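S.K.: Okay, handing you the structure first.
Derivation of every value follows stated rules applied to the coordinates shown; laboratory data play no part. Because the structure is a prediction, the values reported are computed rather than measured. Glycine gets a Cβ as well: all are built from the backbone with ideal geometry, and neighbour counts include every protein chain shown.
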Amino acid sequence: QSGQEAIVTLRGIGTENASITGEAGVAFHVDGVNYAQPAAARVAFFDVETLDVKLGPQGLMGGKNSTSGTINVITTKPGDEYEAEGDVTLGNYDRVRAKGAINIPFGEIAAARVAMYYEDRDGYLDNVRQSDSRDPFDADDFGGRAHLRLQPSDSLQVLLSGN
């Protein structure tokens, strides 16, 4: 992390350009979809099934900006059982982090999974030239993800996802 921006590296190799227009030296994907801006990685790690890390360069499989490798976060997909899970973390600097997920099956042909993430924390530095909401190392993150799995027949399965 550089201030409020994320820097993604593998084996210490990456790009330290953490500006909003900067591009990472590590290809970062969630369910195979490329997140071009490193800042998006801050809220990707909730309701995770698997983390796939491949050392680079991965230009063919990872696309551009995969000099040092690729990271693919595989999220949990809807299942056939009712499920609810969550956790809350409290910490110093007024930190509050909450994560949760709900899985709901709709018979044999459909299932849905909704997951949420929230974190709020005051930074340990105070930038007196800007408002309190812009202090370095503050966290004010929110993320949500929804999957809808439709399986009208044994040979057809459709997964609709929103993030």
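S.K.: If amide hydrogens are placed 1.01 Å from N in the peptide plane, which non-local residues have theirs closer than 5 Å to the one on D138?
M.R.: G123
S.K.: With a cap of 14 neighbouring Cβ atoms within 10 Å, and only residues DSSP puts in a loop, list the GluC sites (Glu not before Pro) found in the stretch 63-163. The partial results should precede the final answer.
M.R.: Working: sites: E81, E83, E85, E108, E119; in loops: E81, E108.
Those that pass, being in a loop and sparsely packed, are E81, E108.
S.K.: Another question about this same structure. Which ³J(HN,Hα) values, rounded to whole Hz and listed in residue order, are derived for the stretch 40-50 from phi using the Karplus coefficients 6.51, -1.76 and 1.60 in 6.51 cos²θ - 1.76 cosθ + 1.60 with θ = phi - 60°, glycine and proline given as x?
M.R.: So the J values, rounded to whole Hz, are 5, 5, 4, 10, 8, 9, 9, 6, 9, 8, 8.
S.K.: Run the quick spin-label model on N127 and A112: label points 7 Å from Cα toward the beta carbon, then report their separation in nm to one decimal.
M.R.: Going by the 7 Å Cα→Cβ label model, 3.9 nm.
S.K.: On to the next question. Using a Förster distance of 35 Å, how high is the FRET efficiency between F137 and I74, based on the Cβ-Cβ distance and rounded to 0.05?
M.R.: It comes to 0.75.
S.K.: Pop the C-beta distance of Q157 and V88 into the FRET formula with R0 = 30 Å and round what comes out to the nearest 0.05.
M.R.: Calculated transfer efficiency: 0.30.
S.K.: Between beta-carbons, use under 11 Å as the cut-off and find the net charge around N103, counting Lys and Arg +1, Asp and Glu -1.
M.R.: Local charge sum for N103: -2.
S.K.: Net charge within 9 Å of D47 by Cβ-Cβ distance, Lys/Arg positive one each and Asp/Glu negative one each, not counting D47 itself?
M.R.: Net local charge, D47 excluded: +1.
S.K.: Evaluate the distance, in nm, between pseudo-label points positioned 7 Å from the Cα of L148 and of R11 along their respective Cα→Cβ axes.
M.R.: Rounded to a tenth, the inter-label distance reads 4.3 nm.
S.K.: Hand me the chymotrypsin sites (Phe, Trp or Tyr not before Pro) from the stretch 84-124 located in a DSSP loop with no more than 13 other Cβ atoms within 10 Å, in residue order please.
M.R.: Working: sites: Y93, F106, Y117, Y118, Y124; in loops: Y93, Y124.
Passing sites in the stretch 84-124 are Y93, Y124.
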